[in-house]
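The values are calculated or read from the model by the stated rules, or taken from the named source; none is laboratory data. Worth saying up front: this structure is predicted, and the values here are computed from it rather than measured. Cβ placement follows ideal geometry from the backbone for every residue including glycine, while neighbour counts extend to all protein chains displayed.
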Amino acid sequence: MAKINLLPWREAYRKEKKEQFLAIVGGVVLISGLVAYLWVVSVESSIEHQEGRNRLLENEIATLDKQVQEIAELRKVRDDLLARIKIIQDLQGTRPLIVRYFDDFARSIPDGVFINMVARVGNVVSIEGIAESYNRVATFMRNLEGSDWFAGPNLTSVVAVPAEGEQAQAFKLTVNTSSPNEVNSTDPKATGNATPSTAKESGGK
């Protein structure tokens, strides 16, 4: 019986299978690398796209922030203008009262009293001056107390100043402003009885 040596055929078969396996592995590796490359490219493209959107959003946010700042500045300017308008309106509304206050204040100053300073904070008026005597200061305070536009004078300081006169006094006082009471006054009607005169006519023949 003849013997057949199968070793060379088996080795060739194994070599062929090995080459096929290596080819398959190489193909899988190549395809995997290609897929990985495409995935990386896709991810990088998505990242770049997202970064572009982020930059666009940042620019829009910066624009909105600038607009918000401009709006805040405009509101501040508006508030300042409204405050100035209110001050002007208040001054216009109180202008007649200020004139009345100064007029009544001047009328309340007696002879021998000299005013150096007048300051008003709220409803409190601070007054500094020099009087020829303490009696002049007392008269000034009585005049303020009797005024319709001032109330509650309070003497805070009085100091003798011989350099200004033998009895001269430097004084400081405060007084509150007030509005006069509105009194509805009506002029009484003057009535009188008329006495008619009777004239007699005499006729002669």
Residue check, Asp148 against (1) in contact with a Pro (Cβ under 9 Å, 6 or more places away or on another chain); (2) surrounded by 15 or more Cβ atoms within 10 Å (Cβ to Cβ); (3) assigned to a loop (DSSP other than H, G, I, E, B), all met but one. Which one? (2)
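In the range 167-187, is there at least one residue being small (Gly, Ala, Ser), over 20 Å from Ala106 (Cβ atoms) and modelled with pLDDT under 85? So that I can check it myself, show each step before the final result.
At the first step, the residues of the range 167-187 found to be small (Gly, Ala, Ser) are 168, 170, 178-179, 185.
If we keep only those that are over 20 Å from Ala106 (Cβ atoms) too, we end up with 168, 170, 185.
In the following step, the residues that additionally are modelled with pLDDT under 85 were identified as 185.
Yes; the residues of the range 167-187 include at least one that is small (Gly, Ala, Ser), over 20 Å from Ala106 (Cβ atoms) and modelled with pLDDT under 85.
Looking at this structure, is Ser32 more than 60 Å from the chain's Cα centre (by Cα), of a type outside the set (Lys, Arg) and surrounded by 10 or more Cβ atoms within 10 Å (Cβ to Cβ)?
In short, yes.
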Considering only residues that are without any contact (Cβ under 8 Å) to a residue 12 or more places away in the chain and charged (D, E, K, R), look in the range 131-165 and name the one that is nearest to Asp111 (Cα to Cα). Arg142
Name the single residue, out of those in the range 116-130 being farther than 15 Å from Gln169 by Cα and of a type in the set (Gly, Ala, Ser), that is farthest from the chain's Cα centre (by Cα). Ser126
Inter-residue pairs, beta-carbon under 9 Å, first free of Cβ contacts under 8 Å to residues at least 24 places away in the same chain and in the range 97-110, second in a helix (DSSP H, G or I) and of a type outside the set (S, T, N, Q), 6+ apart: Ile98/Leu91
Among the residues listed as Gly146, Gly122, the single one being under 11 Å from Thr177 (Cβ atoms) and at pLDDT below 90: Gly122
Mind checking whether some residue in the range 167-177 is surrounded by 10 or more Cβ atoms within 10 Å (Cβ to Cβ), without any contact (Cβ under 8 Å) to a residue 24 or more places away in the chain and either of a type outside the set (Val, Ile, Thr) or not in a strand (DSSP E or B) (or both)? no
